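First comes the structure, then the notes that go with it.
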Amino acid sequence: MTDQPKFVIEHLSVTYEDGTEPLRDVSLTIYANEITVLFGPAGGGKSTLLRTLNRLNDLVDGVRFSGRVLLDGQDIYAPGVDVTALRRRVGMVFAVPVVLPMSIRQNLTYGLELAGVRDRARLNAAAKHSLERAALWDEVKDRLDDPAIALSGGQQQRLCLARVLALEPEVILLDEPTSGLDPISTAKVEESLQQLKRDYTIVIVPHSIQQAARIADRAAFILQGELIEHGPGAQLFTRPQDKRTEDYVTGRFG
Ligand SMILES: Nc1ncnc2c1ncn2[C@@H]1O[C@H](COP(=O)(O)OP(=O)(O)O)[C@@H](O)[C@H]1O
Ligand SMILES: [Mg+2]
């Protein structure tokens, strides 16, 4: 573990238009080059917290925020922040892989082309590099111009991860990325995350407590909008300090 703060979340509260408060007074530091796991029962606010980190919640009508979210010391909610640039720095992979209706290669180069990159060699190199990093290259290298939709679910999810990597983010957010995948694809995604944390900061909502325990360098237990407990994964899953965390990790509820 590096102890280099990447995100510092201070007293963050989120309120939706209907008055629900999916997060209340959450303070949490997310460290660089680690896997931080946000876990807890459904409806607790995990996805909301994740989406706060690249301002995807901004898209929800009537949402309100209080507190601060600092990325490398800069408040990402400050006036004048370039949200598009922020979302490139902080990429996101969702539960259901959404590949674009184009070839495997184009799925990877599309974002760069939108950003103005035209050099073919550079685009191809970015496609290859990101596929390697997402542990997909060997499976698709001979059919890069086939439609992405023809890939298996597990391959599509790794393609989505590769697409995020092609934009060279600093942080990767993943919201239950393996919930629809078989155990082998799940293991591949988990393996690639272990490699990727050397170069990136990773924040993930796992699809199970077992996955949380397998991959967490650090973990945060979130229950009904509150951060109950956080710390090194090894501690949280074996010696939780709070009774509610203990009940959850031992399977007494949730
Ligand atoms: N756009 C919205 N408007 C109102 N309530 C919402 C909205 N999105 C999510 N919620 C509510 O916020 C709470 C937290 O949701 P979420 O962050 O998705 O939890 P989790 O990912 O832990 O399951 C839930 O009660 C959910 O119903
Ligand atoms: Mg969720």
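Just so it is clear, none of the values below were taken in a lab; they were calculated from the coordinates. This is a predicted model, so every value here is computed, not measured. Here Cβ is always computed from backbone atoms with ideal geometry, including for glycine, and neighbour counts include all displayed protein chains.
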Divide the volume of the convex hull of the Cα atoms of the stretch 131-254 by its number of residues and quote the answer in cubic angstrom per residue.
119 Å³
Please report Rg (one decimal) and Dmax (integer) in Å for the Cα set of the stretch 1-43.
13.1, 40
Cross-link partners of LYS243 among lysines (Cα-Cα below 28 Å; sequence separation of 8 or more within a chain)
LYS46
Starting from the Kirkwood radius over alpha-carbon pairs of the chain, derive D by Stokes-Einstein at 20 °C in a medium of 1.002 mPa s and give it in µm² s⁻¹.
114 µm²/s
Note the angle between two axes, namely the Cα long axis of helix 104-114 and the longest principal axis of the Cα atoms of the chain, as a number of degrees from 0 to 90, rounded to the nearest 10.
80 degrees
What is the set of long-range amide H partners of LEU23 at a cut-off below 5 Å, with H atoms built 1.01 Å from backbone N?
VAL14
Once the in-chain neighbours fewer than 8 apart are removed, the lysines whose Cα is under 26 Å from LYS128 read LYS141, LYS188, LYS197
At 7 Å along the Cα-to-beta-carbon direction for both ARG252 and GLN74, put a label point, then send me their distance in nm to one decimal.
4.6 nm
If you line up the long axis of helix 120-133 against the longest principal axis of the chain, both from Cα atoms, how many degrees apart are they, to the nearest 10?
50 degrees
